[in-house]
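Below is one structure, written out as structure tokens; comments come after it.
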Amino acid sequence: KKTIAVKDKEGFWEFIFHFKNAKKFVVASPIILWMVVLQAAIVGFGMGSSQFQQVVYTNLGLAVVFFGVAVSIKRASQVVAYFYVNKIVERLSIAKFLLLNGILVSLYFVSVPFISNPWVFVAMTAVASMAYALMSVGIDGHINHLVPSGSRATIISMAFMVRGVVLSAVALSVGWFAMIVPFEHTYGWLGLVLIAVLVVSIPRVWKVKC
């Protein structure tokens, strides 16, 4: 038992050591830093708000019997994204890849308050879900390519953690804002915040030739 306790302690401090080194690497590398930030914003906003899509379906008059169809369409779009992600990543620079997905998701959020047809919302959700899938896999692929093997797994784990924090914050804020403004309008506010993040970050990423 004593031996196991010592190994666990050593493993914990080894993790802290790797985490600190990974954090230094991310902060010192603008391209990695902004990839982590944008992935957290785009995927976190998307997945955080997706928890409430059934409320929008109901508000737009979509019959409950079609909810499964709507979810299936969304999942199918993600499968398509996973199939083509390597080809898209190879053809686009990191800045263009981030900008493309950021624009798709921002347009989705901003358009939700103006959608009156439930199937238009389903279609827009499918497009946005493709962007989430591309960002989830594509950015991890870029990190694998740019980061030394000693820090690669830790940085991807760090990015996943940041994404989870953003997702949780978005889920909480959407529920809170929905008590103040019409539910669909919360999506519009998320879109404006995401656009602001893109305006700040994309020019910085564009300067780096990757």
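The values are calculated or read from the model by the stated rules, or taken from the named source; none is laboratory data. Everything quoted here is computed from the prediction, not taken from an experiment. Glycine gets a Cβ as well: all are built from the backbone with ideal geometry, and neighbour counts include every protein chain shown. To get the accessible areas, we keep the full protein, side chains included, count just its heavy atoms, and leave off ligands, DNA and RNA. Shrake-Rupley method; radii C 1.70, N 1.55, O 1.52, S 1.80 Å.
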Might you check whether a residue that is over 18 Å from Ser49 (Cβ atoms) and of a type in the set (D, E, K, R) occurs anywhere in segment 71-78?
no
Does Ser129 satisfy the condition of being without any contact (Cβ under 8 Å) to a residue 60 or more places away in the chain, hydroxyl-bearing (Ser, Thr, Tyr), open to solvent by less than 60 Å² (accessible area, probe 1.4 Å) and over 26 Å from Pro203 (Cβ atoms)?
no
For segment 32-60, what are the residues that are among the hydrophobic types (A, V, I, L, M, F, W, C), open to solvent by 50 Å² or more (accessible area, probe 1.4 Å) and under 14 Å from Val122 (Cα atoms)?
Val55
Residue tally, condition out of contact with any Ser or Thr (no Cβ under 7 Å at 6 or more places or on another chain) and in a loop (DSSP other than H, G, I, E, B), over segment 141-198:
6
Search segment 85-114 for residues being open to solvent by less than 50 Å² (accessible area, probe 1.4 Å) and of a type outside the set (A, V, I, L, M, F, W, C), and hand back the single one that is nearest to Ile202 (Cα to Cα).
Gly102
Residue in segment 142-165 that is closer than 21 Å to Ile73 by Cα, of a type outside the set (Phe, Trp, Tyr) and in contact (Cβ under 8 Å) with a residue 40 or more places away in the chain present
no
In this structure, does Val122 turn out to be more than 30 Å from Val200 (Cβ to Cβ), modelled with pLDDT of 90 or more and either of a type in the set (Lys, Arg) or surrounded by 16 or more Cβ atoms within 10 Å (Cβ to Cβ) (or both)?
yes
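Quick one: is Val120 β-branched (Val, Ile, Thr), assigned to a helix (DSSP H, G or I) and within 15 Å of Ser49 (Cβ to Cβ)? Talk me through it step by step, then tell me what you get.
Values: β-branched (Val, Ile, Thr): yes; assigned to a helix (DSSP H, G or I): yes; within 15 Å of Ser49 (Cβ to Cβ): no.
No, not satisfied.
Filter segment 67-84 down to the residues that are open to solvent by 70 Å² or more (accessible area, probe 1.4 Å) and not hydrophobic (A, V, I, L, M, F, W, C) and list them by number. Quick ask: steps written out before the conclusion?
Residues of segment 67-84 that are open to solvent by 70 Å² or more (accessible area, probe 1.4 Å), as a first pass: 72, 75, 79, 82-84.
Result: Ser72, Arg75, Tyr82, Tyr84.
Could you say which residue among Ser106, Ser201, Ser111 is over 23 Å from Arg75 (Cα atoms) and modelled with pLDDT of 80 or more? Outline the logic, then answer.
Values: Ser106 fails: over 23 Å from Arg75 (Cα atoms); Ser111 fails: over 23 Å from Arg75 (Cα atoms).
Just one listed residue meets the conditions, Ser201.
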Is it the case that Ala63 is more than 20 Å from the chain's Cα centre (by Cα), open to solvent by less than 30 Å² (accessible area, probe 1.4 Å) and small (Gly, Ala, Ser)?
no
I need the full set of residues from segment 180-191 which are surrounded by 13 or more Cβ atoms within 10 Å (Cβ to Cβ) and of a type outside the set (Phe, Trp, Tyr), in order please.
Glu184, His185, Thr186, Gly188, Leu190, Gly191
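So that you can scan it fast, the table gives a plain yes or no per residue for (1) crowded, with 17+ Cβ neighbours inside 10 Å; (2) farther than 26 Å from Lys87 by Cα:
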{"position": "Ser116", "(1), (2)": "no, yes"}
{"position": "Asn144", "(1), (2)": "no, no"}
{"position": "Ser149", "(1), (2)": "no, no"}
{"position": "Val170", "(1), (2)": "yes, yes"}
{"position": "Gly175", "(1), (2)": "no, yes"}
{"position": "Ala178", "(1), (2)": "no, yes"}
{"position": "Ile202", "(1), (2)": "yes, no"}
Answer from Ala133, Ala169 - the residue that is over 21 Å from Leu33 (Cβ atoms), hydrophobic (A, V, I, L, M, F, W, C) and modelled with pLDDT of 85 or more:
Ala133
